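Here the structure comes first, spelled out in structure tokens, and everything after it is commentary.
The values are calculated or read from the model by the stated rules, or taken from the named source; none is laboratory data. Here the structure is a predicted model, which means the values were calculated and not measured. Cβ placement follows ideal geometry from the backbone for every residue including glycine, while neighbour counts extend to all protein chains displayed. Quick note on the areas: whole protein, heavy atoms, side chains included, nothing else; ligands and nucleic acids left out. Shrake-Rupley method; radii C 1.70, N 1.55, O 1.52, S 1.80 Å.
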Amino acid sequence: MNLLIYKTLEELNQDLADYVIKIAEMSIEENDRFNFVLTGGSSPKALYHLLATEGQHRIDWDKVYFFFGDERNVPANDDNYNGLMAKKAILDPLGIKEDHIFYVDTTLAPEKAAIEYKKAIDKHFNGEDLIFDLILLGMGDDAHTASIFPHTTLVKDEEVNVASVYVEKLNTYRISFTAPLINKADNVAFLVFGENKAEALKHVIGDEQKDVATYPSQLIDPIDGKLTWFTDEAATKLLED
């Protein structure tokens, strides 16, 4: 695990953008494509803006394929739909072709949406192992990541899969990558900042004994890949030196 701590969000996002572009360049050089899993919410908006502006001419975006690590069970035109945020922040500004974007179809029931999303991923990989080049993740102040929330069924899911999950405290369903699917990736990067994440981060990174049911981000431990945390001083203030 590599823990990077920044004084400012500007520095954090600039470094993370450079990191994404470096992995993209390597993946395109080696495999002629870059399979990139986006994270949702508001945290990555500044990063996506950097990639769509400063990063616009640094890689061949026609060879990038975009996926979503999780999605909310809302219509595609809802402001809470992760795909809509990404569409506005990075996909449309870069002119990404529709067949290079893998949205979750939330017109389907959550369980069916998860099944169909996994089928689309399988088809894209065409029989190859499901190893994404880079998966971006966020973390909630309850230590959830993707839509693997504390004490939900996804915490115990051992399949390399996309699954639906009912999140009781939110009274809604989500569609999410499972931890085993995330852990197959070549590179996994957490984007975590702000004082409200400090308590969760202290447990996720600092606890010697794991309690994945309470702190699901502890599940993320790539099998053969690299794990990097991009954080700020506020989020890491409770970590021991």
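Among residues of the range 147-163 that are in a helix (DSSP H, G or I), those with a beta-carbon under 7 Å from a residue that is aliphatic (A, V, I, L, M) at least six positions away or on a different chain give the pairs T153/V165; L154/I148; L154/A163; L154/V165; V155/I148; V155/V212; V155/A213.
Quick one: how many residues across the range 103-130 are assigned to a loop (DSSP other than H, G, I, E, B) and buried (at least 17 other Cβ atoms within 10 Å of the Cβ)? Before you say what the answer is, go through the steps one by one.
Taking the range 103-130 as the starting set, the residues that turn out to be assigned to a loop (DSSP other than H, G, I, E, B) are 103-109, 126-130.
Restricting the remaining residues to those that are buried (at least 17 other Cβ atoms within 10 Å of the Cβ) gives 103-104, 106, 130.
Here the count works out to 4.
Considering only residues in the range 131-152 that are closer than 15 Å to D211 by Cα and hydroxyl-bearing (S, T, Y), the one that is surrounded by the fewest Cβ atoms within 10 Å (Cβ to Cβ) turns out to be T152.
Among residues of the range 36-57 that are open to solvent by 40 Å² or more (accessible area, probe 1.4 Å) and of a type in the set (V, I, T), those with a Cβ under 9 angstrom from a residue that is modelled with pLDDT of 95 or more and part of a loop (DSSP other than H, G, I, E, B), sequence gap 6+ or separate chain, pair up as T53/P93. Taken over the range 199-241, the criterion of being of a type in the set (V, I, T), part of a loop (DSSP other than H, G, I, E, B) and under 25 Å from L134 (Cβ atoms) is satisfied by V212, I220, I223, T236.
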